[in-house]
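Participant: The following block contains the structure, expressed as structure tokens.
What follows is calculated from the coordinates using simple rules that are stated; it is not laboratory data. Since this is a predicted model, take the numbers as computed values, not measurements. Because the Cβ atoms are built from the backbone with ideal geometry, glycine has one as well, and the counts that use them run over all protein chains shown.
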Amino acid sequence: MELDSGDTVRVSGIDTPERGECHFDTASARMSELVLGKTVTLTRDGEDTDRYDRILRYVDVDGDDAGITLIQEGLATARYDSRDGYGFHTREPDYISADDGAPLQTCAPEPAPAPAPAPAPAPGPAQQGANCDPNYTPCIPVFPPDINCGDLDVSVRVIGIDVHGLDGDGDGFGCEANG
């Protein structure tokens with residue numbers, strides 16, 4: 001939280017997502033809703049500043065603790081207290097209790113990238129035509145349109161991805177009855 005003076009306040013006893021992490025924008029927006037344009041009471045409990053020279057304070061608005069509100073809404077966790085090797089702070093038991101009952105805010109996992117298709121081998125000398133599908137030998141038409149074994153009078157060898165689905169048994173040869 002930044003004060004009109006330009007000083008930065010770190011809310012004592014809580015941890016919120018960092019910039020670029022899941023729910024950072026949500027937690028920041030919620031803190032803004034709680035404090036912007038309102039009279040805020042900052043209360044010191046223990047250390048005056050952290051190692052980044054941010055002022056350490058509890059933040060209260062109209063008697064409501066903004067830190068515990070963020071914890072209760074799952075946008076912050078109770079941290080930087082005696083459990084983490086820091087000093088005990090006055091609101092620690094309430095923060096821990098709120099944290100234990102808070103809904104867990106999770107991020108949807110990012111979808112795994114689709115695997116890149118294996119590159120088709122270079123066409124052999126018999127497949128030099130522009131209309132030859134590089135996944136088969138001998139030359140058959142490029143997919144699409146889909147070709148079925150009934151459309152061919154030869155068996156084929158699959159040398160790439162079986163885009164036409166001609167190799168039903170997966171042995172590397174398709175349309176074996178044709179040839």
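Participant: In a Gaussian network model over the chain where Cα atoms closer than 10 Å are linked, find which of 26, 137, 16 has the largest mean-square fluctuation.
Facilitator: Of 26, 137, 16, the Gaussian network model singles out 137 as fluctuating most.
Participant: Do any chymotrypsin sites (Phe, Trp or Tyr not before Pro) in the stretch 69-98 lie in a DSSP loop with no more than 16 other beta carbon atoms within 10 Å, and if so, which?
Facilitator: Details: sites: 80, 86, 88, 95; in loops: 80, 86, 88.
Loop-located and lightly packed - 86, 88.
Participant: If exposed GluC sites (Glu not before Pro) are those in a DSSP loop with at most 11 other Cβ within 10 Å, what is the longest stretch of the chain that has none?
Facilitator: Details: sites that count: 18, 21.
Value returned for the longest uninterrupted segment is 22-179.
Participant: Still on this model: Can you find, among 42, 149, 76, the residue farthest towards the positive end of the dipole of the chain? Put +1 on the C-beta of Lys and Arg, -1 on that of Asp and Glu.
Facilitator: Toward the positive end, the furthest listed residue is 42.
Participant: Taking the chain as the reference, fit the longest principal axis to its C-alpha atoms, fit the long axis of helix 24-35 to the helix C-alpha atoms, and give the angle between the two in degrees, 0 to 90, nearest 10.
Facilitator: Taking Cα atoms only, the helix is inclined about 30 degrees.
Participant: Continuing with the same structure: Against the longest alpha carbon principal axis of the chain, how many degrees, from 0 to 90 and to the nearest 10, is the axis of helix 92-101 turned?
Facilitator: Helix 92-101 sits roughly 30 degrees off the main axis of the chain.
Participant: Moving on. Among rounded, prolate and oblate, which fits the stretch 9-101 when a ≥ b ≥ c are the square roots of the eigenvalues of its C-alpha gyration tensor, a/c under 1.5 means rounded, and a/b larger than b/c means prolate?
Facilitator: Judged from the Cα gyration tensor, the stretch 9-101 comes out rounded (a/c under 1.5).
Participant: Take the Cα pairs of the chain, get the Kirkwood Rh, then feed it into Stokes-Einstein at 25 °C and 0.890 mPa s and tell me D in µm²/s. If you can, show how the numbers build up before the last one.
Facilitator: Numbers: Rh = 21.7 Å.
It comes out at roughly 113 µm²/s.
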